[in-house]
Amino acid sequence: MRRLFDRVFKGSDEMYEKAVRDLDEAIAKYGADHIMQFPDTAYNCACVLQYTGKKVNTLADLKAALDGPIKEMMSREQKTHAVFTSGLATAMSAEIIEACKYVEDPAPYKGEYHGHMSDAEVRELGVPLVTQDIPGFTVLIGPAPSDEEARDTIKGYQSRGIFVFLVGGIIDQAKRMGISMGFKVRIVEVGPDIWSVSHVISLVMRAAMIFGNIQPGDYWGMNTYTLERIFAFVNAYAPVDDLTVACGGGAIALGFPVITDDKEDLYQVPKSLVIQPDTKDFIETSLEARDVRIKVTQMDIPVAFNSAFEGEIIRKKDVQAEMYGARVDCFELVQMKDVREIEDHKITVVGPDFDELEPGVMSQIAMVAEVGGKKMLADFEPVFERKFHSWINCMEGVMHTGQRDQIRIRISKAAYKNGLRAKHFGEMLYAKIKGDYDTVVDRCQVTIYTDPAECTRLRKELATPVYDARDARLASLTDEAADVFYTCTLCQSFSPSHVCIVTPERLGLCGAVSWLDAKATNHLNPNGPCQVVSKENCVDENIGIWPDVNRAVKEYSQGHLESVTLYSIIQDPMTSCGCFECICGLEPASNGVVIVNREYAGSTPIGMTFAELASMTGGGEQTPGFMGHGVQFIGSKKFMRAEGGIQRIVWMPAALKEKVASRVNKAAQELYGIENFTDMICDETVADSADDLDKMIDFLAEKGHPALAMEPML
Amino acid sequence: MSEGFQSTTVQQMEADAARLKETAVKVGIDIWQDRVKAQTPHCGFGDKGICCKICAMGPCRITPKSPKGICGATADTIAGRNYLRMAAGGAATHSDHGRECVWKLYDSSADGNYHVTDATKLLNLAKEWGVPTEDRDIYDVAHEVAEIGLNEYGKIKGYQRWTDRATEERKKVWMEQDIMPRAVDREVVTAMHMTHMGCTADAEALVRQSLRCGLSDGWGGSMAGTEMSDILYGTPMPKETEGNLGVLEKDMVNIICHGHDPAVSEMIVLVAESKEMQDYARSFGARGINIVGLCCTANEIAMRHGVRMAGNFLQQENALLTGVVEAIVVDVQCIFPNIGPLSECFHTKFYTTSPIARIPFSTYLQLTSENAKDVATTIVKEACENFPKRDENKIFIPEHKHKASVGYSCEGIKSRLDTVTNSHLDELDTYKPLIQCVTSGVLRGAVAMVGCNNPKVRPDYSHIEIMKRLIENDVVIVATGCAAQAASKAGLLDKASKVLCGEGLRRVCTLADIPPVLHMGSCVDISRMMLLVTGIAKDWGIDVTQLPVVGCAPEWMSEKAVSIANYVVATGIDTYLGIDPMVSGSAQMMDLITNGTTKWVGAGYHINTDPEQLVKDILDGIEAKRAALGI
C-alpha cells in the first residue's frame, strides 16, 4: 500500500509541474509583465495572495510565487505540516493554472462553467452563513457512479441548504439530469478539471479575509479561521488520483474533510479523510464528519422547503398559478390576537383551491396569520410578516416578491403536480412562526383566502388600516424617540470582532436586522446576539456618542474596539463585518462621498469598484472615511449627520439611486429644503472611472450640488 | 507561533524555587538543593551497582584489583542482585498500595466510609472473574471480588489472573520465557531469596526474575490498585483543573494531600467540601478551604475530582515554604522525612496516617476503614483553626500556574476518541481513531512519559524538553506521576498548548478536544498504560512490540520506577531512560537489560543521560517501528 503522504507529495509535484508549464507558455506568449487579474475581485489570486503574503498583478508575480514561496511549501518531510503545506501549494498551483486561462480570455468558460467567483458573490454569502440558512458547503468531485445518483446527491445537499460546488464529470451528469445550476440556486458548476477547484479555495480565502479580517500571509490565522468557522467538506468519487489526493491535503489543511468511496491506497483519518464505500450515504456521513447540523422544521407540505430555493426563478411557461398584488387585491398580514381567540394550528382555506384556478388567469390570495402569547408584542407583527417573503420562497416551486399588499406569487406546475395546495401555505407559515418564534408565540392560526371578493374586502377593511397604523408608528420611531438601542453580534461567528449598534434610524449594515428585529430577537433570546444598550448620558447627539454604546462595542468586540460614533464616517465610524449591502467612501475633490451597492459591478469616480472599496473595511476594522451600511440607511436623516448628512452624497449607481430616491428626496426636502435631490447625484452614465472625475465635478456644479460648497471632511 | 499560549519555562520555575529558598534560609532549614550539594559526589561503587552489602562479611566493592567479593560474587552478580532488589522493592511498594485499595473495597458498605462508586466497572470485573452478579447486592459482589483480588497477592498456585487481559502473543512470550507472574508476594519473596548471600549468582536469572517481579506489579499489584480505586472513587473522565504552586490561595485554608493511596485524600476532599467545614473555615477569617495535591495523591484526586495540583516530588518542600499551608497530610511513598522539621519552622501541621509511613515530627492519626471520616474531620478542623497562626513575614506564593485538562483513563481516552468517529462507519469504544491517525502518518506514534524527579539531572527539564520535542514532532504523549505533573507545571496539559505541537497532533488535539499530553494518573496507573497498549494492539491486529509506542523515564529515581521499567519492557515496550539504571559496573548487566530483554520479550532499555540525544533516539525508535510496519 502506498503511503498517504507520498501520494500527496506526488500529486502536488504533478500540479506544480503543470502550473510551471502553463505559466511559462503564457509568459512566452504575452511577456512577464502582462497583467493578470481575475474579474471583480480586490483579492486577486486569493490563494497565492494569502499563502505567499504578496499581491499578484502580473505573470511575473506568479512566476516569482512558483519559484519561491510555493516551492518552499512543498517540503517532502514525512510530517503532517509538510502534507498540509504541499496541499496548499497544490491549490496555489491550481490557481495559477486557472489564472493562465483568464489571461488568455477574461471569460474562458463561455458560460459553460462558472469558474471564478466575484467578491460580490462572496459577500452575498455573509448573511445566509450567519443565519445558518447555508449550514455548509460541499465540493463534489466526480463523476458519481450514475447520473441518477449524481442528481440525488446534489438535490439531497440542496434540500438541506448545503451550498454545492461541482468539479469535473459530475457537472455533465447534472446537466444530463436537467438540474438548474448557478450561484443563485447554490449549485455552482465550477469547472471541468481538478484545478478549477482553486476557485472554491479562492472563495474560502476571500470569505476569511473579508469577514474574518485574516491578513495575507497569516498561515495559522487562516487555517484556524477556516477550521473553526467555515463548514465545508469534499466528496471525491472513486477513482481518486494523486492530483485529487494532493488537493485533498489542502482541503484538510483548512479543516475540510474529504469523504470518498475509493479504498485503494487511501488511509482513513478521523474527521479528515473518511472512506465511505456506500456513495449513497455520502450526505449524512459528510455532514457528521464536518459537524454540520441541519435545522429541520417539521412541516406537512408536499414540496421541499429550504433556503437553497430562495433564488429559484419560475418562468412564465412553468407557471400553474399566479397572484400579483399590483393588479388584483392580494396581501399578507400577521396580527396579534388574544390567545383565547386563537385555536392553535387551525388552518382554514376560504375560497377555491389551486385545482379550481384557471391557469394563466391572475388569481387572488390573502394570507392572514393570527398569533398570540404572553410575551407577544404588536411590534413583532411586521417582523414576522417580513419573513413571509423568504419563507414562501424557500418552498420548492414557489416564487415570492414584494410585501404587504404588493406581493407577487408564482406557483410552478411541478409543485402543483407534487400536490401543493392552498392549505400548505398555511401549514408552512404555521410551522415557521411557531418554530422560529416559539418563545413569544404560544398559539397561531392561519387563514388563506383565495375567494376574490373576500380578498378585496379584507384588504380594505383589515389590512390597509393595519398598514397605515404601522406606518405611523414607524414614522414616529426615531433614534431620539427610542428608549434603547440594541447590539447585533449575529455575525460574530464569522467576523469575531465586529459589533453593530442597531437604532430605529440605522438598521444593521447587512440590511437584514432592523431595530424592531433586534428588539424581537432580544425578547426571543435575552442572552442572544441582540443586547440592550442604554442611551443615558449622551456625550454628543450630533456625532452620536453614547458611553453605553462604547461600553457595549468594547465588551462585545472582546476589547477589539474602544469606541464608535453612530452618525460619523470620519470619527470612529461603525465597523463592518463584510456582508454590508453598500459601501460608502470619501471623494475628496467634491467634498462628498460615493456610495456603491453590491450588485454594481463597474468602477466609480474614485477609481475603485465595490470589491475594492469593500476591501478597505470589513472584518470588524475601523477605517475612517469608509463605511459599510444597509440600503435603507441612505434615506435616513442620521446618515453621516456629523459630516452634514445625505447632501454629501455625490455619486451612486443609477439603479441604487432609483431604489432609494423617494426616501432620500423626502429627507433632503425636510432637512435642507432641496427638491428632487437625487437628480443632483451623479451616476455611472456620467462618470464611471477615476478618469471621469472632472466630468462628475462638472455635473455636480451644473446641478448646483451642495457638497461642492461644503467644508472638506478631513 | 505561540498564539497567546505561553508555557512556563524551567528557568521561571527555578526562579520561583530560588525565591522560596530565601525563606528556607530565613527560617534556618535545609532543603533538597542543600542536601544534594552535601551528598555530591555520590559513592561511585553504589552508583555503578557494584557495592555489595548483602551480608556482614562486606561491604565488598568491585575494583580492577579486587574483581570479586569475599564470597566470589562478580560485578555481574552484585549488580544483578542489587538491580533485582530494587525491582522487588518497587514491586512490593506498588503492590502493597494496591492491596490497601483492595482492602478498602473489601471493607466497603452502603453505610460505611467507603462505597462502590463505579458499579459498572465492578460488575465488569466480576464478570471477568466469574463472580455471579445477578440479583445480588452490589456490596456482596464487591466483597467477593475483593476477596479474589486479595488472594492474588498470596495465591498458592497459578498465575496473576490480571494477565488474562494481555494479548495472546504476550501471554505466550511470558510462558515461554518463564516470566509469567505468580502471586505478588511470592515474586517479591523469590526475589529476596534469590538475592540472598549464596543464592543466584547468574545475572541472566536475576534479570529474568526482575521482569517477572515487575510483571507481578504492573499486571498484578498496581493493576489491582488502579481498578479498585476506580471502583471505589470513580473512573477518571476528562475534566479541567490547574497545576503548579500558584494554586495555593493566600486567603483560604490550604490543605495539602501528599503521597499515593487515595483512601486518605478522598476523605479529606469529601469532608472539606461540606458546608459545615467551609463555614468553619470562614469563622477563622478564611474565604474557604483549598485542597491541593502533591505527587501522586495530587494525580489521584485531580483525575477524579479536579482538585488542583501543587506539584511533583521535588516541589514538596517548596509548597511548605510558601508559608500558607495550614496542614499537610500524607499517606505513603515519596514523602521527604524533612517535611517533619520543615513544617516545624512554620505554623504548618504535619499529619501521617499510615503505619507504612511513620515520620518524626508528625502527628500520627492512623486511618482505618472505620475511622476514616473522623480522622479527616479532625485534620480539616485543625487546619481551619491553624489559619490565623500564619506568619505574614514568611509568606510568598509564586504566581505560576496553568490550566490542566486531566482524567484520561483508558475509558476517558476512548470517550474522546468516540467523538471523532462517524456513526455511518465506525464502532464506538475502540482505539481505532487513534490507530488511524498513526497509520496515516498524521501522528508518528505515542510515548508514555513516566517517572520521578531526580536532582542528578536538572529537575523537570528533561521531562519538559523531551515532551516539547515529541509533541512538536506529532508524537502524542500519555503521562503519569511526576512526569504528568511536570507537564502540568509547563502548561502542556492545557488544551491551549496544542499550538506547540506539530500540525498533525495539533489537528488531532483540536478535533478530539484534548491536550497534547494526556494525564493518565498516578504511578500505579501505569497499569492503565499497559491496558492501553494492549487495547491498541488488539484493535490494530498486531503485536505490542510492533507498535510505534515507547516508554520514557527521563528523571526516574525510585525503586518503583525499576519495577515499572521491568514490566513495561516485559509488556513489549522499549523504554528510554535518562538516568543510569545503577548497573553500569557490569558489562553483562548492561547488555542483559538492553539486548538481552530485547531477545526474550522484544523490548529493552535505551539509556542516554543527555535529554537532547534521548529524544532523538526516541524519535528514531518510533520511525524505525513505522518503517518495519511499512507505514
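The values are calculated or read from the model by the stated rules, or taken from the named source; none is laboratory data. Just so we're clear, the structure is a prediction, and the values are computed from it rather than from any experiment. Glycine gets a Cβ as well: all are built from the backbone with ideal geometry, and neighbour counts include every protein chain shown.
Can B:ILE70 be described as out of contact with any Lys or Arg (no Cβ under 6 Å at 6 or more places or on another chain), at pLDDT 95 or above and crowded, with 18+ Cβ neighbours inside 10 Å?
Criteria not met by B:ILE70.
Which residue pairs have Cβ atoms closer than 8 Å, lie 6 or more positions apart in sequence or on different chains, and pair a first residue in segment B:435-447 that is at the interface with another protein chain (Cβ under 8 Å from one of its Cβ atoms) with a second residue that is small (Gly, Ala, Ser) and in a loop (DSSP other than H, G, I, E, B)?
B:VAL442/A:SER272
Tell me which residues, restricted to segment B:114-125, are among the hydrophobic types (A, V, I, L, M, F, W, C) and assigned to a helix (DSSP H, G or I).
Hits for segment B:114-125 are B:ALA119, B:LEU122, B:LEU123, B:LEU125.
If only one of B:SER216, B:SER210 is among the hydroxyl-bearing types (Ser, Thr, Tyr) and within 30 Å of B:ALA302 (Cβ to Cβ), which one is it?
B:SER216
Which condition breaks for B:ASP580 when tested against (1) within 14 Å of chain A (Cβ to nearest Cβ); (2) within 29 Å of B:HIS97 (Cβ to Cβ)?
Result: B:ASP580 passes all but (1).
So which helices (runs of 4 or more DSSP H) are wholly in segment A:600-707 and hold at least 1 residues that are farther than 23 Å from A:VAL122 by Cα?
Of the helices (runs of 4 or more DSSP H) lying wholly inside segment A:600-707, those with at least 1 residues that are farther than 23 Å from A:VAL122 by Cα span A:654-672, A:693-703.
Quick one: would you say A:ILE179 is over 30 Å from A:VAL499 (Cβ atoms), at pLDDT 95 or above and not charged (D, E, K, R)?
no
Name, by its number, the condition in (1) over 26 Å from A:SER514 (Cβ atoms); (2) surrounded by 24 or more Cβ atoms within 10 Å (Cβ to Cβ); (3) within 25 Å of the chain's Cα centre (by Cα) that does not hold for A:VAL596.
The number of the failed condition is (1).
Checking B:ILE471 against (1) within 14 Å of chain A (Cβ to nearest Cβ); (2) touching a Cys at 6+ places or on another chain (Cβ under 9 Å); (3) outside any helix (DSSP H, G or I); (4) among the β-branched types (Val, Ile, Thr): exactly one of these is not met. Which one?
It is condition (3) that B:ILE471 fails.
Taking the criterion of being within 17 Å of A:THR489 (Cα to Cα), touching a strand residue (DSSP E or B) at 6+ places or on another chain (Cβ under 7 Å) and in the same structural domain as A:ASP691 (by TED's automatic domain parsing), would at least one residue in segment A:554-563 satisfy it?
Taking every residue of segment A:554-563 in turn, at least one turns out to be within 17 Å of A:THR489 (Cα to Cα), touching a strand residue (DSSP E or B) at 6+ places or on another chain (Cβ under 7 Å) and in the same structural domain as A:ASP691 (by TED's automatic domain parsing).
In the set B:GLU100, B:GLU134, which member is among the charged types (D, E, K, R), in contact (Cβ under 8 Å) with a residue 60 or more places away in the chain and either out of contact with any helix residue (DSSP H, G or I) (no Cβ under 7 Å at 6 or more places or on another chain) or closer than 22 Å to B:VAL271 by Cβ (or both)?
B:GLU100
Hey, can you tell me all the residues within segment B:260-313 that are among the charged types (D, E, K, R), within 17 Å of the chain's Cα centre (by Cα) and part of a helix (DSSP H, G or I)?
Within segment B:260-313, B:GLU300, B:ARG304 meet the criteria.
So if I check each of A:ASP67, A:ASP40, which one is in a helix (DSSP H, G or I), of a type in the set (Asp, Glu) and farther than 30 Å from A:TYR267 by Cα?
A:ASP67
Of everything in segment B:341-357 that's touching a residue at least 60 places away in the same chain (Cβ under 8 Å) and within 18 Å of B:ALA372 (Cβ to Cβ), which residue is surrounded by the most Cβ atoms within 10 Å (Cβ to Cβ)?
The selected residue is B:THR353.
Quick one: which strands (runs of 3 or more DSSP E) lie wholly within segment A:230-288 and hold at least 1 residues that are within 14 Å of chain B (Cβ to nearest Cβ), among the aliphatic types (A, V, I, L, M) and under 19 Å from B:VAL442 (Cα atoms)?
A:258-260, A:273-275
If I filter segment B:268-288 for residues that are of a type in the set (S, T, N, Q) and crowded, with 24+ Cβ neighbours inside 10 Å, do I get at least one hit?
So far as segment B:268-288 goes, no, none of its residues is of a type in the set (S, T, N, Q) and crowded, with 24+ Cβ neighbours inside 10 Å.
Quick check on my filter: what residues within segment B:488-512 are within 12 Å of another protein chain (Cβ to nearest Cβ), aliphatic (A, V, I, L, M) and surrounded by fewer than 24 Cβ atoms within 10 Å (Cβ to Cβ)?
B:VAL499, B:LEU511, B:ALA512, listed by residue number.
Quick one: which of B:GLY90, B:GLY46 is surrounded by 14 or more Cβ atoms within 10 Å (Cβ to Cβ), in contact (Cβ under 8 Å) with a residue 24 or more places away in the chain, closer than 28 Å to B:ARG182 by Cβ and outside the structural domain of B:ASP460 (by TED's automatic domain parsing)?
Testing whether each residue is surrounded by 14 or more Cβ atoms within 10 Å (Cβ to Cβ), in contact (Cβ under 8 Å) with a residue 24 or more places away in the chain, closer than 28 Å to B:ARG182 by Cβ and outside the structural domain of B:ASP460 (by TED's automatic domain parsing) leaves just B:GLY90.
Just to be sure I understand, how many residues within segment B:513-562 are of a type in the set (Lys, Arg) and either surrounded by 24 or more Cβ atoms within 10 Å (Cβ to Cβ) or within 17 Å of B:GLN485 (Cα to Cα) (or both)?
2
Please enumerate the residues belonging to segment B:126-155 that are part of a loop (DSSP other than H, G, I, E, B) and under 14 Å from B:ILE231 (Cβ atoms).
Across segment B:126-155, the qualifying residues are B:TRP129, B:VAL131, B:THR133.
Given the conditions (1) crowded, with 21+ Cβ neighbours inside 10 Å; (2) within 13 Å of another protein chain (Cβ to nearest Cβ), report the number of the one that B:HIS463 does not fulfil.
(2)
Would you mind telling me which numbered condition in (1) touching a Ser or Thr at 6+ places or on another chain (Cβ under 9 Å); (2) hydrophobic (A, V, I, L, M, F, W, C); (3) modelled with pLDDT of 95 or more A:ILE27 fails?
(1)
With (1) within 22 Å of A:GLY578 (Cβ to Cβ); (2) within 14 Å of another protein chain (Cβ to nearest Cβ); (3) not aliphatic (A, V, I, L, M) as the list, and A:ARG7 as the residue in question, which single condition is left unmet?
Condition not satisfied by A:ARG7: (1).
Give me the helices (runs of 4 or more DSSP H) completely within segment B:160-226, filtered to those with at least 2 residues that are at pLDDT 95 or above and in contact with a Leu (Cβ under 9 Å, 6 or more places away or on another chain), ordered by residue number.
Correct list: B:184-194, B:203-216.
Among B:GLY58, B:GLY28, B:GLY46, which is small (Gly, Ala, Ser), closer than 30 Å to B:LEU206 by Cα and modelled with pLDDT of 95 or more?
Just a single option satisfies the conditions, and that option is B:GLY46.
Being crowded, with 24+ Cβ neighbours inside 10 Å, in contact with a Cys (Cβ under 6 Å, 6 or more places away or on another chain) and more than 14 Å from every other protein chain (Cβ to nearest Cβ) narrows it down to one residue among A:SER196, A:SER202; which is it?
A:SER202
Quick check, is B:ILE536 closer than 29 Å to B:ALA224 by Cα, within 14 Å of chain A (Cβ to nearest Cβ) and not hydroxyl-bearing (Ser, Thr, Tyr)?
Considered against the rule, which asks whether it is closer than 29 Å to B:ALA224 by Cα, within 14 Å of chain A (Cβ to nearest Cβ) and not hydroxyl-bearing (Ser, Thr, Tyr), B:ILE536 comes out as no.
Among the listed residues A:ILE313, A:ILE301, identify the single one that is out of contact with any Pro (no Cβ under 6 Å at 6 or more places or on another chain), away from chain B (no Cβ under 13 Å), under 23 Å from A:ILE448 (Cα atoms) and β-branched (Val, Ile, Thr).
A:ILE301
Just the residues that are without any contact (Cβ under 8 Å) to a residue 60 or more places away in the chain, polar (S, T, N, Q) and under 18 Å from B:VAL569 (Cβ atoms), please, taken from segment B:143-172.
Within segment B:143-172, just B:THR163 meets the criteria.
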